[in-house]
């Protein structure tokens with residue numbers, strides 16, 4: 001109580017003094033009323049007034065009071081240099097905010113454990129090696145029968161959980177006309193109990209819901225989806241919906257904290273794995289495997305056991321696949337099985353953005369260091385201006401620690417003002433960055449908690465920042481020797497050395513940031529300027545599904561109907577749009593030879609697709625109505641080169657060699673220019689377009705479940721027609737439903753989302769770094785001109801030329817800039833290999849890339865140097881000498 | 001608790017004792033009371049009294065309150081707290097011990 005009242009007294013200092021004064025006044029008045037001589041009463045109290053300070057001291061804790069005094073004094077200092085203070089606070093706020101924001105993203109995506117029991121016991125199983133496509137890679141998808149074998153083998157030692165990739169699927173709660181999208185995921189029935197997840201409503205799956213294929217058409221909603229879609233309606237349990245070919249009943253809602261095991265995607269609906277039609281297939285891999293390893297089980301023996309089981313499974317399965325080349329078979333069976341810790345879950349976004357976020361984190365940290373160096377220089381310059389004040393304080397007995405405290409408090413005040421603005425910036429910017437990861441129709445959703453972790457990081461960072469920019473100036477200020485100040489100035493060179501050191505650091509970091517930003521921007525430019533081989537302009541894609549599947553004739557009727565709508569120039573069909581990211585591949589056999597190790601990639605298209613997409617036909621003809629899948633193909637140049645020896649491929653024959661040994665003869669009717677099929681970053685693939693019309697052995701036309709209408713519109717913005725065309729498709733046949741309407745331009749851009757994000761943010765931080773470094777340079781140059789004006793004046797009086805003066809001002813700083821640039825270059829070249837996977841067709845050693853930081857920094861130096869140099873030149877020797 | 005010398009100790013004791021008999025006095029009244037009751041033998045200096053009052057207030061022995069007097073002037077009056085009563089008892093017994101010890105010495109010598 002007493003301590004508390006003392007602490008609170010610290011903040012009531014003024015009032016307390018007034019209280020005491022008033023009490024003394026009352027005392028004197030009383031004395032006079034009692035007949036004492038006023039003069040004498042006042043005099044008697046004089047001693048007390050002198051001891052008022054003592055009374056006050058009794059009421060406050062000493063150091064707290066001095067802290068308050070320092071805060072007030074620091075605040076006045078900040079207010080006195082308003083412009084510089086605001087600049088310092090803003091630059092620190094931006095840098096701290098960006099760092100905190102980067103921390104939030106990295107923490108949420110990569111570091112935060114899943115909200116399950118014992119996340120540290122979670123492992124993920126994957127394979128690494130050369131896959132069926134002949135490429136080296138890491139694969140984490142598994143076949144269910146394989147999973148069942150593994151699960152039985154390690155029963156009692158570890159729990160295996162199957163979790164499919166989140167599927168952005170069409171689901172229907174009422175009629176087919178009200179189809180909507182939801183993230184659906186197939187999970188093992190025992191996942192919820194193994195994770196220790198409780199129901200928020202109803203019940204969750206148990207092992208009993210996941211015993212037999214197709215036996216338990218039940219669904220569990222995530223809390224997030226239940227809130228968004230149903231407004232937390234408790235009556236949702238028991239409702240049914242359509243998904244795929246089945247009808248599912250909602251049995252419960254999972255706990256709020258659990259949003260799935262894929263950071264970056266929030267699951268809406270969980271379904272038992274046994275409801276997936278592929279659950280009995282040996283040749284289809286469609287889910288990830290998480291393994292709970294209890295404390296008693298050693299990881300390596302467990303991995304070896306699982307590896308042995310899956311190897312035996314694959315060997316047995318592939319022995320039946322006569323269509324594989326021996327080389328592929330050998331490669332696939334040589335794959336290594338890996339068991340890696342996965343306390344944070346596993347997701348595509350983690351893999352895709354792990355390095356990108358790391359790189360951004362480093363960039364913003366550099367910006368923070370640049371900002372700190374700036375503020376440190378500012379504080380040093382101010383400390384110089386206050387050297388006399390400090391000397392005075394020392395001469396009247398201020399302790400060294402007292403001075404350090406005073407300067408540090410001022411720094412802390414600055415930093416915490418900055419941190420408050422930074423918190424706002426981080427609160428706003430982290431979700432903004434996530435929203436920039438926005439593939440059409442399926443934007444990333446990342447849970448970004450603002451909890452004690454983020455708060456702790458922010459506070460920790462602010463304290464570090466205070467020490468970074470405050471400690472050195474504080475120690476310097478406190479080590480002031482009154483004698484040297486009173487003699488007319490201490491050694492100014494030591495202070496300049498410090499400032500020049502800071503400049504070198506700033507330039508090094510700035511060079512680094514600009515170099516990396518240049519690499520990212522160049523990558524994005526190279527990718528976006530890359531010709532795709534087709535024209536995406538004015539193309540609207542209507543990805544359409546049909547339940548049940550319809551004959552190709554009806555699909556063609558729908559296309560005909562769309563053609564009749566005003567504003568539509570051309571319509572054709574494809575199984576899926578180019579650059580959607582999916583593919584269908586098979587081996588090729590020419591002249592009855594063995595199946596190729598290289599795979600060819602296929603797409604069903606209608607006649608006119610080439611024309612709609614504006615892909616050039618360079619030989620032969622386009623498809624015609626009535627062309628059948630069974631004997632016509634259009635191949636691209638790469639295909640012709642790789643499989644058909646390139647010389648006039650039209651009319652040549654080849655076979656599609658399936659894994660199971662079936663051969664499908666094909667004949668080339670046309671050759672087209674190369675166009676990107678799946679991903680613009682991969683090398684050009686050998687591509688074969690084939691017709692939709694597909695007759696089976698009994699000469700029956702096979703029905704189609706989904707097709708994409710590729711619509712070329714007359715208007716520049718194809719999206720304007722999306723809703724009309726959506727309705728028109730369903731009007732032709734009610735079985736048809738457009739599940740996605742997007743533009744080809746969107747798909748093209750979706751290829752470069754990460755690159756655009758990196759380029760945008762790196763460009764922004766590059767600009768900030770350059771600005772801060774420029775301001776820092778200007779500040780230091782300006783300061784050194786002020787410091788040297790006496791000397792410059794004397795030199796000019798003695799006949800120094802303009803060039804001499806400019807050189808005198810610039811020499812020190814030029815050396816600092818040069819050293820900084822070299823250090824930054826070394827730093828950049830050393831670290832560029834960590835971001836190589838993020839770059840495209842660009843190297844750090846490219847002249848164009850190196851020119852970016854060199855030229856911009858040179859420009860910044862020139863711009864920053866002009867005003868101080870002019871100032872130096874305008875020094876009037878006479879006036880300067882007269883002052884002395 | 002701040003270390004008190006014997007003189008200050010006796011001032012504290014006097015103030016506490018007076019406040020226990022006559023609660024709600026202001027500083028001047030306490031000063032006058034000390035004079036009156038000791039037949040002007042003892043006199044509390046303003047310079048010691050007020051710091052002592054504030055210190056005792058911080059220690060929680062007495063509490064202060066602003067009241068408006070009939071004259072319209074505000075006065076700060078003091079009264080004993082429970083802790084103050086305990087302190088008074090302790091100080092009183094200490095005083096008795098000290099004075100009786102001093103008396104014993106005076107008698108013996």
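The values are calculated or read from the model by the stated rules, or taken from the named source; none is laboratory data. Here the structure is a predicted model, which means the values were calculated and not measured. In this analysis, Cβ positions are derived from the backbone assuming ideal geometry, glycine residues included, and neighbour counts consider all displayed protein chains.
Could you tell me how many of the residues in the range A:575-600 are under 18 Å from residue A:666 (Cβ atoms) and under 36 Å from the mean Cα position of the chain (by Cα)?
8
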Item to complete: Scan the range A:576-589 residue by residue and report those that are in contact with a strand residue (DSSP E or B) (Cβ under 7 Å, 6 or more places away or on another chain), outside any strand (DSSP E or B) and either crowded, with 19+ Cβ neighbours inside 10 Å or without any contact (Cβ under 8 Å) to a residue 24 or more places away in the chain (or both).
Response: A:577
Response to the item:
Those residues of the range B:47-64 which are within 15 Å of residue B:30 (Cα to Cα) and either more than 7 Å from every other protein chain (Cβ to nearest Cβ) or exposed (fewer than 15 other Cβ atoms within 10 Å of the Cβ) (or both) amount to B:48, B:49, B:52, B:53, B:56, B:57, B:62, B:63, B:64
Worksheet, complete the sentence: Quick count over the range B:27-43, residues being touching a helix residue (DSSP H, G or I) at 6+ places or on another chain (Cβ under 7 Å) and either surrounded by fewer than 20 Cβ atoms within 10 Å (Cβ to Cβ) or more than 11 Å from chain A (Cβ to nearest Cβ) (or both), is 4
Worksheet, complete the sentence: Checked A:324, A:369 against criteria (part of a loop (DSSP other than H, G, I, E, B) and either at pLDDT below 90 or more than 21 Å from residue A:194 (Cα to Cα) (or both)); the one match is A:324
Worksheet entry | strands (runs of 3 or more DSSP E) contained entirely in the range A:601-711, each with at least 3 residues that are over 40 Å from the mean Cα position of the chain (by Cα) and crowded, with 18+ Cβ neighbours inside 10 Å | A:653-657, A:663-672
Worksheet item: If you take just the helices (runs of 4 or more DSSP H) that sit entirely in the range A:722-835, which of them hold at least 1 residues that are surrounded by 18 or more Cβ atoms within 10 Å (Cβ to Cβ) and touching a strand residue (DSSP E or B) at 6+ places or on another chain (Cβ under 7 Å)?
Response: A:722-732, A:744-750
Worksheet item: In the range A:818-837, which residue that is modelled with pLDDT of 90 or more and in contact with a helix residue (DSSP H, G or I) (Cβ under 7 Å, 6 or more places away or on another chain) is farthest from residue A:361 (Cα to Cα)?
Response: A:819
Worksheet entry | Check on residue B:99, surrounded by fewer than 19 Cβ atoms within 10 Å (Cβ to Cβ), over 11 Å from the mean Cα position of the chain (by Cα) and within 11 Å of another protein chain (Cβ to nearest Cβ) | no
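In the range A:89-110, is there at least one residue being more than 14 Å from chain B (Cβ to nearest Cβ), at pLDDT 80 or above and at positive phi?
Among the residues of the range A:89-110, not one is more than 14 Å from chain B (Cβ to nearest Cβ), at pLDDT 80 or above and at positive phi, which makes the answer no.
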Fill in: Number of the condition not met by residue A:272 [criteria: (1) at pLDDT below 95; (2) in contact with a strand residue (DSSP E or B) (Cβ under 9 Å, 6 or more places away or on another chain)]
(1)
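Tell me, which residue of the range A:839-855 that is assigned to a helix (DSSP H, G or I) and in contact with a helix residue (DSSP H, G or I) (Cβ under 6 Å, 6 or more places away or on another chain) is nearest to residue A:510 (Cα to Cα)?
A:853
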Worksheet item: Hey, among A:338, A:306, which residue is touching a residue at least 24 places away in the same chain (Cβ under 8 Å) and more than 30 Å from residue A:661 (Cβ to Cβ)?
Response: A:338
Worksheet item: Do we find a residue being within 11 Å of chain A (Cβ to nearest Cβ), over 11 Å from the mean Cα position of the chain (by Cα) and closer than 21 Å to residue A:28 by Cα anywhere in the range B:81-90?
Response: no
Worksheet item: Looking at A:424, A:448, which one is out of contact with any strand residue (DSSP E or B) (no Cβ under 7 Å at 6 or more places or on another chain), surrounded by fewer than 21 Cβ atoms within 10 Å (Cβ to Cβ) and not in a loop (DSSP other than H, G, I, E, B)?
Response: A:424
Fill in: Which numbered condition residue B:19 misses (of (1) within 14 Å of chain A (Cβ to nearest Cβ); (2) buried (at least 20 other Cβ atoms within 10 Å of the Cβ); (3) touching a helix residue (DSSP H, G or I) at 6+ places or on another chain (Cβ under 8 Å))
(1)
Item to complete: Consider residue A:31 carefully, then state whether it is within 14 Å of chain B (Cβ to nearest Cβ) and at pLDDT 80 or above.
Response: yes
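Of all residues in the range A:151-185, which are in a loop (DSSP other than H, G, I, E, B) and either touching a residue at least 40 places away in the same chain (Cβ under 8 Å) or in contact with a helix residue (DSSP H, G or I) (Cβ under 6 Å, 6 or more places away or on another chain) (or both)?
Passing the criteria: A:154, A:157, A:158, A:165, A:166, A:173.
Per-residue answers, yes or no, for (1) farther than 21 Å from residue A:22 by Cα; (2) not in a helix (DSSP H, G or I):
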| residue | (1), (2) |
| --- | --- |
| B:12 | yes, no |
| B:20 | yes, no |
| B:30 | no, no |
| B:43 | yes, yes |
| B:52 | no, no |
| B:56 | no, no |
| B:64 | no, yes |
| B:76 | no, yes |
| B:84 | yes, no |
Worksheet, complete the sentence: Conditions (1) part of a helix (DSSP H, G or I); (2) touching a helix residue (DSSP H, G or I) at 6+ places or on another chain (Cβ under 8 Å) -> residue A:316 fails only (2)
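Yes/no matrix, rows are residues, columns are (1) outside any strand (DSSP E or B); (2) farther than 30 Å from residue A:111 by Cβ:
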position: A:212; (1), (2): yes, yes
position: A:219; (1), (2): no, yes
position: A:224; (1), (2): yes, no
position: A:247; (1), (2): no, yes
position: A:250; (1), (2): no, yes
position: A:256; (1), (2): yes, no
position: A:260; (1), (2): yes, no
position: A:271; (1), (2): no, no
position: A:274; (1), (2): yes, yes
